[in-house]
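Taking it in order: structure first as structure tokens, then the write-up.
The values are calculated or read from the model by the stated rules, or taken from the named source; none is laboratory data. Keep in mind the model is a prediction, meaning the values are calculated, not measured. Neighbour counts run over all protein chains shown; Cβ positions are idealised from the backbone, glycine included. Remember, those area values only see protein heavy atoms, side chains included, never the ligands or the DNA or RNA. Shrake-Rupley method; radii C 1.70, N 1.55, O 1.52, S 1.80 Å.
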Amino acid sequence: MLKDIRNIIIQGANFESMTKLPLFNEGDDSVKATILYGRNGSGKSTIARAFRTVKGIPTENIITASVSDDKGAPITLTEAEKAHVYIFDEDFVTENVRVQEDGLGSIVMLGEQAGLTELIDAATEEIEAAERILGEKKALLGEYNDDANQKSPKYYINRMRTALQKDDGWAGRKRQIDGGRRNASVSDNTYKNFLSHSPAKTRDELVIDFNNAWKRLETAKSGVAKINVSIPDIPTDYSSFSADLGNQLLSQVIEYPELSEREQYLLSMVHSGHGDELRNTAQEFGSPDIRICPKCHQPLTEQYKAELVRSIQKVLSEEVENHQNRLQALLLPELTLELEQFQVLSSYQACIDQIAAINQRVRNNNELLQSKIADPYTPIDNIFVDIEQAIFDFEESLKRLEKEKVDHNSSVADTRPIKEELTRINNEIAYWDIIELSKQYDVKHVEKENAENDFIEAQKAFAGKQNRLNNLNAQRDSIDIAIDVINESLKYIFFSDNRLQIRVEDNTYKLICNGHPVKPKDVSAGERNVIGLCYFFANILEGKSRDAAYAEEYLLIIDDPVSSYDVENRIGILSYLKYELSKYLLGNKDSKALIMTHDLFTATDTEKILKELKVDCNKKYNGQSSFIYSQKELHNHLLVPFNNKRNEYTTLMNLVYEYANGNATEQELFIGNIIRQVLEAFSTFEYKKSINEVSTDDSVLALIVCEELRVHFKNLMYRLVLNEGSHRYDQTKNMQMDYFAFISEPDKRRTAKEILCFMELLNAPHVKAHLGEDCARIIDEWCDEILSTKS
């Protein structure tokens, strides 16, 4: 349980060895609240970080940290108990309060938002780096895709195509070999056809071989070229043609049927060659769908249609139809054969003439057949011409043409072996023309693939980082912070509604100072610290109702609630601190608090807070709950009693020394009055003289052994700036100004130093008694520095 914690054991940072600090022990009693005073650098921050380690948060420089009970037995906190340990320190403010510029104002991010903002900033930097890399990869890939760039594989493809396409290249030589009119076509892949060749000769040697082979080809081609096509055959229709059958059908008589007047009209149509038209009409009128005559557009009855169809069928009987079909079968197409390749042969013209004669006879016969088909009732006495003999004679001519072709080809030299040799040589020359370009292409092709892979990986990396940034932004936007609670706290501290507030706009928290947006550079460290303290207490309430939250047990660690920059707001901060501590320490009798400070005034004021809370606690619990608080000082890494009854003069003198030594900057506004009080007390009790008189009285100055220093302090006009500051009534009455408030900060420190040196030279044991030997030794060094400027 948290209430059982009496000690913390630390090793790390300020505590080199394992150190036990009884923070919540006062004799045999358990302490509910402890005030721990310690100068800067004494180890207070280390204690706060040690409690972070106890919470389970890894902390830099803390080797080990644990807590124990009154008997020194280790206490292992549960996760729920760790979650009830809350630590406010400089690290908390750094981690949980972040102010970021937004146009003319600032956005404030608190808690997890601040941590996420750091992650978002880091992710944004990563995206920018990834985008730069992506741009570089894209630009490099662009070079590989640029046909005109020597890094591009296509650059070498184009050069290989150009080398092959030229008239004196592979395509031009192939045109010569094939006897074509244009150079052979070359594609992007043509070069691959030559890579498998492994020429035994150089390119120059192959060119000589090509020229020699070309001369042989020219010699061979000086004669008539070979005929490599076959003699065509006569279609079989012509060999089966019968002239006797044709004459028989033409002279055949078809008997007229007994016809009505309409049927005789239909027959006259047949005689005039309209038999096919009648046949189509019968087929059309036989359809049950026809209702209107397509010629006269009159309505048709079924009876009329049936009678008309019977009349046409009677005129065009089945006998007529069969007769016409037999005639149709004798029709022949004109004879066509491709003989142009044989023009050089002597029988060529005779064959052409025979084809013309045969076709004339076919046309004559076809005309007779068509006439009989059109009018099958009328016999034709013209004699049907026989083409049988003409076909036979033509077949003999084709045989002679074949023999002439064989004789012709035997007399012509065969050029194919020479062309094949030329083709091989041409391909091998092409190998030498493209091989180096091909090797460079292979290298650049691999480089391009690598560049493409790198670009894809860069795209993936950029997309991944973009997704991560989007997720972080969405996560930050989804965080809900009790802004109303924080604003109420800020109003409590500053005693103002608009001195400092956080306003929600567009899902962001805008920082408003005196009713206006404020830039990050104009947000003081004190204001940031105050926001952090307000968020600290608001964060404890997250997800809880207030009454239920205060009733739970807590351990609150608060390091320097009034920072060096909060002096002007110390009353508001201490009032707010009492307000919050009262709710937690009185809400649960087992809750504890540790308040650490480097400021004597804050330590004294905090004691007053705890005294009042003790009274309130006794009232609430009717004296049944003991509210014991403790005051300790962290000195030389150990806890010693803190004497809140210590001499006020000693306290003020220590403050003057700390300020002169570059510390206690929070006292800058008040240091003039503190110096006045110290010097007035010293001069009054030691010499019964005023501030003005003590440095001008020769009997007092005679105590300074060194004449140069004696003269220096007699002429030191500190009296002007200190100006009898303790005589407040007279000062107010005479409306005198506090000149010390208007001198520079270095001059204030110099004044503090020289006052302490003056007191040291007058009464060294006095200074040593109040400040200690180490401080007195440093003041002696300051005196030497003053003397060195006089030499």
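List of remarks:
- Qualifying residue in region 560-582 (condition: of a type in the set (D, E, K, R), within 17 Å of residue 91 (Cβ to Cβ), under 45 Å from the mean Cα position of the chain (by Cα) and modelled with pLDDT of 90 or more): no
- Scanning region 376-421 for residues that are open to solvent by 30 Å² or more (accessible area, probe 1.4 Å) and of a type in the set (Lys, Arg) gives 399, 400, 403, 416, 419.
- Number of residues in region 48-93 that are aliphatic (A, V, I, L, M) and more than 38 Å from the chain's Cα centre (by Cα) equals 11.
- Search result, residues across region 61-72 that are open to solvent by 40 Å² or more (accessible area, probe 1.4 Å) and outside any strand (DSSP E or B): 61, 70, 71
- Considering region 674-684, the residues that are in contact (Cβ under 8 Å) with a residue 12 or more places away in the chain and more than 60 Å from the chain's Cα centre (by Cα) include one that is most open to solvent (accessible area, probe 1.4 Å), namely 677.
- Verdict on residue 190 being within 58 Å of the chain's Cα centre (by Cα), under 28 Å from residue 444 (Cα atoms) and open to solvent by less than 70 Å² (accessible area, probe 1.4 Å): yes
- Here residue 328 does not fit the description of being among the polar types (S, T, N, Q), modelled with pLDDT of 75 or more, open to solvent by less than 100 Å² (accessible area, probe 1.4 Å) and touching a Pro at 6+ places or on another chain (Cβ under 6 Å).
- Given (1) within 17 Å of residue 329 (Cα to Cα); (2) open to solvent by 40 Å² or more (accessible area, probe 1.4 Å), number of the condition residue 349 does not satisfy: (1)
- Index of the failed condition, residue 145 passing every other in (1) open to solvent by 60 Å² or more (accessible area, probe 1.4 Å); (2) closer than 18 Å to residue 210 by Cβ; (3) of a type in the set (S, T, N, Q): (2)
- Test: residue in region 164-180 that is small (Gly, Ala, Ser) and more than 20 Å from residue 435 (Cα to Cα): yes
- Contact map, region 3-14: first residue part of a loop (DSSP other than H, G, I, E, B), second residue among the basic types (Lys, Arg) and at pLDDT 90 or above, Cβ cut-off under 8 Å, separation 6 or more or different chains; pairs are 5/592; 13/49.
- When the residues of region 583-618 are filtered to those that are farther than 20 Å from residue 557 by Cβ and at pLDDT below 85, the one that is surrounded by the most Cβ atoms within 10 Å (Cβ to Cβ) is 600.
- Boolean, residue 57 is at pLDDT below 90, touching a Ser or Thr at 6+ places or on another chain (Cβ under 6 Å) and not in a helix (DSSP H, G or I): no
- Region 539-558: number of residues that are open to solvent by 10 Å² or more (accessible area, probe 1.4 Å) and either at pLDDT 85 or above or in contact with a strand residue (DSSP E or B) (Cβ under 6 Å, 6 or more places away or on another chain) (or both): 4
- Residues in region 1-47 that are acidic (Asp, Glu) and more than 47 Å from the chain's Cα centre (by Cα): 4, 26, 28, 29.
- From the options 659, 687, 649, residue that is aromatic (Phe, Trp, Tyr) and under 55 Å from the mean Cα position of the chain (by Cα): 659
- For the residues 97, 108, the requirement of being at pLDDT 80 or above and either surrounded by 19 or more Cβ atoms within 10 Å (Cβ to Cβ) or farther than 19 Å from residue 557 by Cα (or both) singles out 97.
- Those residues of region 146-160 which are under 23 Å from residue 457 (Cα atoms) and touching a residue at least 60 places away in the same chain (Cβ under 8 Å), in sequence order: 151, 152, 153
- Matching helices (runs of 4 or more DSSP H) fully within region 526-643 where at least 2 residues are touching a His at 6+ places or on another chain (Cβ under 9 Å): none
- Test for residue 461: is it part of a helix (DSSP H, G or I) and out of contact with any Phe, Trp or Tyr (no Cβ under 8 Å at 6 or more places or on another chain): yes
- From the options 399, 405, residue that is without any contact (Cβ under 8 Å) to a residue 12 or more places away in the chain and more than 60 Å from the chain's Cα centre (by Cα): 399
- In region 19-30, the residue that is most open to solvent (accessible area, probe 1.4 Å) out of those that are modelled with pLDDT of 90 or more and not in a loop (DSSP other than H, G, I, E, B) is 20.
- Scanning region 748-782 for residues that are within 20 Å of residue 703 (Cα to Cα), open to solvent by 10 Å² or more (accessible area, probe 1.4 Å) and touching a residue at least 12 places away in the same chain (Cβ under 8 Å) yields 753, 754, 760, 761, 762, 763, 764, 766, 770, 780, 782.
- Scanning region 31-45 finds one or more residues that are under 29 Å from residue 658 (Cβ atoms) and part of a helix (DSSP H, G or I).
- Region 321-354, residues that are out of contact with any helix residue (DSSP H, G or I) (no Cβ under 7 Å at 6 or more places or on another chain) and of a type in the set (A, V, I, L, M, F, W, C): 329, 352
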